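In what follows, a structure is listed as structure tokens, so that the remarks can point back to it.
Rule-based calculations on the coordinates, nothing more; no lab input. All values reported here derive from a predicted model rather than from experimental measurement. Every residue, glycine among them, receives a Cβ derived from its backbone with ideal geometry; neighbour counts consider all protein chains shown.
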Amino acid sequence: MTAVIVNEPRSAAGPETARGTYRAAVASEWTKLRSVRSTVWSLVVTIAITVGLGALLCAAVVARWDRLDPIERLRFDATGRSLAGIFLAQLAIGVLGVLVIGSEYTTGSIRTTFAATPRRKTVVAAKATVLAAVAFVVGAIGCFAAFGIGQVILQGKHVGVSLGDTNVLRAVFGGAIYLTAVALIGFSLATIIRRTPGAIAALFAIVLVLPILSNALPSPWDNNVAKLLPATAGESLFSTRAAPDILTATHAVIVLAVWVVATFAVALISVSRRDS
Amino acid sequence: MIRAEGLTKRYGSTLAVDHLDFEIQPGVVTGFLGPNGAGKTTTMRMILGLDAPTAGTVTVNGRSYVDIPFPLHEVGALLEAKALHPSRSAYNHLLSLAQSNRISRQRVDVVIDMVGLADVAGRPVGKYSLGMGQRLGIAAALLGDPPILMFDEPVNGLDPEGILWIRNLLKSLALEGRTIFLSSHLMSEMAQTADELLVVGRGRLIAADSVANVVGSGQGTVRVETPHLDELAAILRARGATVTYVDNALEVHGLDARTVGDAAFENRIVVHELVRQRESLEDAYFRLTDASVDFHAAALPELAGDRR
Ligand SMILES: Nc1ncnc2c1ncn2[C@@H]1O[C@H](COP(=O)(O)OP(=O)(O)O)[C@@H](O)[C@H]1O
Ligand SMILES: [Mg+2]
């Protein structure tokens, strides 16, 4: 090589370029996500907890079934029970969401990322896209497996249901949607807070602590506040029985969407306004 | 070309970069020199759009860095070599960067070979030594085959072998006609590689000139040996020189060798030795940065004025 050709400025940044940088960033983020062990672990753990804890809880019901009173039997939600592992699995997928960008802030590699793709909103959008896709697929695998195994166990007392029954398919996909939403909320919190431990603490506060606090409120405040929380929305989504104090599926999706979009919007503003 | 105009960055009460104006010329190695805390890293971060200037602008080939969709083709930078996810392999790190700028996988293999990491490219970078991390950082900078390269303190903490490797690499990159912008707090490093110098202290530009001119800008001293030390010293002082006694000779500041010799001759003083002592690059650096660090040198504005 004898001479270096100085690059001419590329075509002015139009929508074509914007799409191009986004696609390139998605490919890059996918490589990043799949190439660290912690990702693989959090995905495996998410599935294992969803399935394992669900099976355990179903087995526990089967063991106690004969001692349950008729009202409890009537209220029993076979779908929701088999998916109850989500309460714990959400923490694993939420941590993955945090790590997707939190680890870049911790190591300082976010600066390498932004130097390669200076459109920071594009980077954040690409990370969120890859994360959402992975979380949804893994969530769906976990939920379908947990449902299947759970129903086999519950069939021991002939209380299992099938995917064709009312609201069942919606609940199983609802579980995957909820897990995806938690991952995205964790991601946005980490983008805003820029510290992994802080973002994990904030996420756990939202999905674990707020529901407990809202329960402590006097009626009817407890239900009114609970209805606005992502955890309540998630619970409504992955059960088939709409109890009066629980949101309808449509409302639940709206509540989740508002949380996801609002935190993501703050993340986008934060990432473009601050030095990195 | 990189051009800064009134570039300023304030962090709270710290003025890290203070109205820098400079142009980094294409095809030469420009050394960015200044003591620790002078604002070199901050300046480079602003060039890369990582920090937003408090005031002023900086452009790369006429536009702001953040407006370049795939900037790795235009500027390759090494800022913090160890800012990596420790469990990702070097190959995947470079691949992710390549994909973000539409660079081929083949190019990833090429740069890995170029920096000599082929045998360890599959290993997690957390296990890399500082020198290997530095090589990986350079591989990343070279990914897009950019005409402009920017390195922040590339030899910091390296062993002699690593330093030599980087020096040779810089030389070969410069021979290919690339623009190289290289920071260091060590003058000796610059003496090895740079053609042009930007000297900064406390965020301000102290000098922007060729290495030769920066060195030549100091007057140096004249050493004169004579049996009549006091007599000659008085004569030279009368002509405005600063004279100090060194062993049994005089060291003269402020007059050149010819004037000293003429003065001795006119006063019939025997001279046994008359030596012009040129200022070393190191001396020039200390002279320049001392002024900015201590503000004791009333010559600061004068220095800056001289240099333009
Ligand atoms: N992110 C930051 N926040 C606050 N102060 C900073 C930050 N980055 C740099 N500084 C300060 O700005 C000054 C210049 O720092 P820097 O650019 O790192 O200098 P250099 O690279 O020449 O050693 C120093 O006083 C440093 O402490
Ligand atoms: Mg520095």
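General remarks:
- Rg followed by Dmax, in Å, when the protein assembly as shown is reduced to its Cα trace: 33.3, 127
- Per-residue extension of 0.36 nm, minus the Cα-Cα distance of A:THR250 and A:GLN155, leaves a gain of 31.2 nm for this segment.
- Most positive-pole-ward Cα, B:VAL271, A:SER162, A:SER272, against dipole of the protein assembly as shown from beta carbon charges: A:SER162
- Range of Cα positions in chain B per principal axis (Å), largest first: 78, 42, 32
- Per-residue mean of C-beta atoms belonging to partner chains within 10 Å, peptide B:80-88: 6
- For A:ALA18 and B:ASP119, a Förster radius of 41 Å and the Cβ-Cβ distance give a FRET efficiency of 0.55, rounded to the nearest 0.05.
- DSSP bridge orientation in the protein assembly as shown - percent antiparallel, rounded to nearest 5: 65
- The charge dipole of the protein assembly as shown, taken about its Cα centre with unit charges on the Cβ atoms of Lys, Arg (+1), Asp and Glu (-1) only, comes to about 2740 debye.
- For chain A, the longest principal axis of the Cα atoms and the long axis of helix A:249-273 meet at an angle of about 20 degrees.
- When the P(r) of the range A:107-249 is calculated, the portion above 19 Å amounts to 64% of the C-alpha pairs.
- Bridge orientation summary for chain B: considering DSSP beta bridges with both residues in this region, about 65 percent are antiparallel.
- Approximating the spin labels as points 7 Å out from Cα along Cα→Cβ, the A:ALA265-to-B:ASP109 distance works out to 4.9 nm.
- Of the DSSP H helices in chain B, those with a Cα length along their own long axis of 15 Å or more and a mean Kyte-Doolittle hydropathy reaching 0.5 comprise B:130-142, B:160-175.
- Cβ-derived FRET efficiency at R0 30 Å, A:SER38 paired with A:VAL225, nearest 0.05: 0.30
- Degrees, to the nearest 10: A:120-154 long Cα axis against longest axis of chain A: 20
- Helix A:15-34 vs. chain A, principal-axis angle (Cα, 0 to 90°, nearest 10): 60
- Using a cutoff of 8 angstrom between alpha carbon atoms and counting only pairs six or more residues apart, the relative contact order for chain B works out to 20 percent.
- Equivalent-ellipsoid semi-axes of chain A, from the Cα gyration tensor, Å, largest first: 41, 20, 16
- Taking other Cβ atoms within 10 Å as a rough exposure proxy, A:VAL100, B:VAL125, A:VAL44, B:VAL115 sort from fewest to most as A:VAL44, B:VAL115, B:VAL125, A:VAL100.
- A:SER272/B:ASN267 FRET efficiency (R0 51 Å; Cβ-Cβ; nearest 0.05): 0.10
- Shape call, the range A:205-276: gyration tensor on alpha carbons, a/c limit 1.5: prolate
- Size of charge dipole - the range A:15-273 - debye, nearest 20, with Cβ of Lys, Arg +1 and Asp, Glu -1, no other charges: 840
- Cα-centre dipole for the range B:1-47 with unit charges at Cβ (Lys and Arg positive, Asp and Glu negative), debye to 20: 200
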